[in-house]
Amino acid sequence: MKPIVQALVDALGTGSVKTGDAIEARYLGDWSGKATSNPLAVALPRSTAEVATVLRLCNEARQGVVPQGGLTGLAGGAIPSSGDICLSLERMVGIEEIDPASATMTVLAGTTLQTVQEAALAAGFEFALDLGARGSCQIGGNLATNAGGVRVVQSGTARDQVLGLEVVTADGSVLSSMSKMVKNNTGYDLRHLFIGSEGTLGIITRAVLRLKPCRAARSTALCAVKDYDSAVGLLRALQAHFGDEVGAFEIMWPDFFDFGVSFSRTKQSPFGAAYPLYALIEQAGFSDDGGERFAAALNTQLEAGVLLDAVVAQSQAETQALWAIREATAELPVKLDPINFDVSLPIGEIGRFVDACREVFARRWPGHYAVYFGHIGDSNLHVTVDGRSIPGVSAEEVDHVLYSLVRNYRGSISAEHGIGVLKRPFLGYSRSPSELAVMRAIKDALDPRHILNPGKVLPPV
Ligand code: FAD
């Protein structure tokens with residue numbers, strides 16, 4: 001046994017350090033599908049003090065440590081290289097406190113998102129973050145990746161749901177900023193350094209989360225518009241009318257819409273005709289008017305010619321049927337050999353970007369198949385290219401073509417999932433040399449021996 005592993009066993013006990021065949025396959029990879037290697041050991045601390053002990057020992061031994069949450073990440077950020085030690089947060093589970101006056105919840109980092117959502121609801125509040133992996137992903141992982149999800153247009157990203165944070169830094173120091181206050185302008189806001197840092201600057205152990213009042217009334221509609229600019233016009237008109245009651249604004253280009261419809265129960269579009277662009281819209285408010293205000297606002301847009309057509313769900317079953325078209329994303333890995341992109345662009349540019357992307361792809365790979373959809377209210381576009389439609393072309397080649405276009409549009413190569421290892425070669429497409437230099441300076445200051453999540457996020461100099 002390597003001395004560092006023996007030191008961890010001595011400090012934490014044999015039950016908290018797995019080695020060799022005792023390391024289950026789930027610790028070796030995440031949902032990104034990236035190839036994995038065997039770690040030296042998996043440490044399973046039960047408290048902040050134990051996390052601090054692991055990092056202190058590993059720092060002294062210059063041992064690489066890979067933080068692991070629910071392992072649902074899609075950028076390969078939690079995958080160990082051989083010789084790394086994984087530090088799983090799975091035993092640091094629990095809600096310490098719900099404070100109704102502050103509207104906060106204090107949680108341990110290994111608690112799943114779904115547990116947090118359910119506890120918030122039981123206490124008469126809502127936790128605004130939501131995403132498909134809710135049952136497995138952990139709050140620590142959500143914060144480390146600054147997760148987005150389906151409600152960003154209304155409530156912002158994971159970053160916006162946090163008031164306080166406790167982090168263990170590389171040398172084992174515990175940095176506690178567990179504030180419950182909304183206003184706190186006392187120097188640098190350290191929590192934001194760690195949120196989105198993908199485990200490269202510190203390990204998140206606890207958090208004070210913001211809770212929101214429950215939005216009891218939800219209305220959903222599928223709308224058809226003539227072009228992208230009309231979709232943006234519709235979004236802004238609805239926001240002018242409803243403010244942050246606009247809870248989702250999902251755009252689907254016809255290729256994705258047809259794919260989604262083909263997996264719906266009826267396999268038929270809710271419209272009698274095909275349209276250039278579709279928007280699935282949710283209005284989530286506090287007073288239940290039976291959807292009247294929403295229907296009236298859509299009617300105004302219909303009369304103004306902004307909308308070509310609209311179907312408003314009249315029941316929970318109809319709402320689910322409309323969402324099922326958008327949620328056909330789950331079928332992408334089943335039916336295609338997907339090369340996925342999750343990029344951000346200035347909202348006014350997304351339509352032109354999609355046109356340019358189609359043109360570049362068609363010129364380079366005639367016969368390719370790609371689908372386009374996104375949460376345009378938060379500047380997020382998803383593109384999925386079917387690898388089977390471009391035989392002999394590597395995913396890296398498609399990455400290069402698409403990310404080059406993103407760079408030309410001054411967009412971001414990663415809207416939601418972080419950089420991890422998969423997007424690391426392209427970080428410079430969205431960040432300037434001076435931004436990268438500051439990131440490296442921060443990394444050197446907080447983790448001078450570079451033990452935390454080695455080889456992730458920052459490309460080699
Ligand atoms: P992991 O995958 O375990 O780790 C992710 C990164 O965070 C790694 O770099 C890891 O080292 C680091 N990390 C984990 N825990 C900690 C910690 N406590 N301290 C420091 N670093 C840590 N993401 C979105 O943003 N929006 C979506 O809509 C969305 N939908 C998804 C749907 C599905 C079906 C799936 C499988 C994934 C989806 N994701 C989405 C991606 C993923 O769920 C998120 O990135 C999630 O936040 C990762 O959390 P996790 O606990 O699984 O983290």
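Just so it is clear, none of the values below were taken in a lab; they were calculated from the coordinates. Quick caveat: nothing in here was measured; it's all calculated off a predicted structure. Quick reminder, even Gly has a Cβ in these numbers, built from the backbone with ideal geometry, and neighbours come from all protein chains shown.
Things worth noting here:
- Once the Cβ-Cβ distance of Asp255 and Leu302 is raised to the sixth power relative to R0 = 22 Å, the FRET efficiency obtained is 0.30.
- Selection among Tyr372, Ser404, Pro448 by position relative to the dipole of the chain gives Pro448 as farthest towards the positive end (Cβ unit charges, Cα centre).
- Taking a ≥ b ≥ c as the square roots of the eigenvalues of the alpha-carbon gyration tensor, the range 396-437 is classed oblate because a/c is 1.5 or more while a/b is no larger than b/c.
- Once exposed loop chymotrypsin sites (Phe, Trp or Tyr not before Pro) are cut out (DSSP; at most 11 other Cβ, 10 Å), longest piece of the chain: 1-187
- Distance between the modelled labels on Ala240 and Ser136, one decimal in nanometres: 4.4 nm (7 Å Cα→Cβ projection).
- The Cα atoms of the range 214-272 give a gyration tensor whose axes a ≥ b ≥ c have a/c of 1.5 or more with a/b no greater than b/c, which makes the shape oblate.
- Cα-based radius of gyration of the range 28-180 once divided by 2.2 N^0.38 Å, which approximates compact folds: 1.07
- Sequence-distant contacts, meaning Cα pairs under 8 Å at least 6 residues apart, place the relative contact order of the chain at 16 percent.
- For the range 352-434, a simple Cβ point-charge model (Lys and Arg +1, Asp and Glu -1, everything else neutral) yields a dipole of about 220 debye relative to the Cα centre.
- Normalising the Debye intensity of the range 247-359 to I(0), with uniform scatterers on Cα atoms only, and taking log10 at q = 0.19 Å⁻¹ returns -1.24.
- Check: the range 265-340 dipole with +1 on Lys, Arg Cβ and -1 on Asp, Glu Cβ, in debye: 280
- Applying Stokes-Einstein at 10 °C and 1.306 mPa s to the Kirkwood radius of the range 135-265, computed over alpha-carbon pairs, gives a translational diffusion coefficient of 89 µm² s⁻¹.
- Förster radius 22 Å - calculated FRET efficiency between Tyr275 and Val393 (Cβ-Cβ, nearest 0.05): 0.10
- Whole-angstrom Cα spans of the range 286-346 along principal axes, big to small: 42, 31, 24
- Only Lys, Arg, Asp and Glu carry charge here, each on its Cβ (+1 for the first two, -1 for the last two); on that basis the range 7-61 has a dipole of about 120 debye about its Cα centre.
- Rg ratio (alpha-carbon, reference 2.2 N^0.38 Å) - the chain: 1.02
- Computed over the range 157-278: relative contact order in percent, which uses C-alpha pairs under 8 Å that are six or more apart: 24
- Listed by chain and number, the aspartates and glutamates whose alpha-carbon sits under 18 Å from that of Lys267, ignoring those within fewer than 8 places in the same chain, are Asp255, Asp258, Glu318, Glu327, Glu331.
- Mean ellipticity per residue at 222 nm, deg cm²/dmol - from DSSP H runs of n ≥ 4 across the chain, formula -39500 (n - 2.57): -9000 deg cm²/dmol
- Semi-axes of the equivalent ellipsoid for the range 46-128, Cα gyration tensor, largest first, Å: 31, 16, 8
- Degrees between helix 395-408 axis and first principal axis of the chain (Cα, 0 to 90, nearest 10): 70
- Selection of trypsin sites (Lys or Arg not before Pro), the range 1-67, meeting DSSP coil and at most 13 other Cβ within 10 Å: Arg62
- When the charge dipole of the range 1-146 is built from unit charges on Cβ atoms (+1 for Lys and Arg, -1 for Asp and Glu) and taken about the Cα centre, the candidate among Cys58, Gly94, Thr72 whose Cα reaches farthest toward its positive end is Cys58.
- Helix 433-446 axis versus longest C-alpha principal axis of the chain: approximately 40°, rounded to the nearest ten.
- Degrees separating the helix 292-303 axis from the principal Cα axis of the chain, which is the longest one: 60
- Annotation: aspartates and glutamates with alpha-carbon distance below 12 angstrom to Lys226 (same-chain offsets under eight excluded): Asp309.
- Put in order of Cβ neighbour count within 10 Å, fewest first, the listed residues Ser102, Ser82 become Ser82, Ser102.
- The distance between label points at Arg440 and Tyr369 comes to 4.4 nm (points 7 Å beyond Cα on the Cα→Cβ vector).
- Cα gyration tensor, the range 325-428 - rounded (a/c under 1.5), prolate or oblate: rounded
- Positive dipole terminus of the range 190-247, leading residue within Gly247, Ala231, Val208 (C-beta point charges): Val208
- Residues Ser219, Ser47, arranged from fewest to most other Cβ atoms within 10 angstrom of their Cβ, appear as Ser47, Ser219.
- Contact order for the range 321-461, expressed relative to its length and based on alpha carbon pairs under 8 Å spaced 6+ residues apart, stands at 24 percent.
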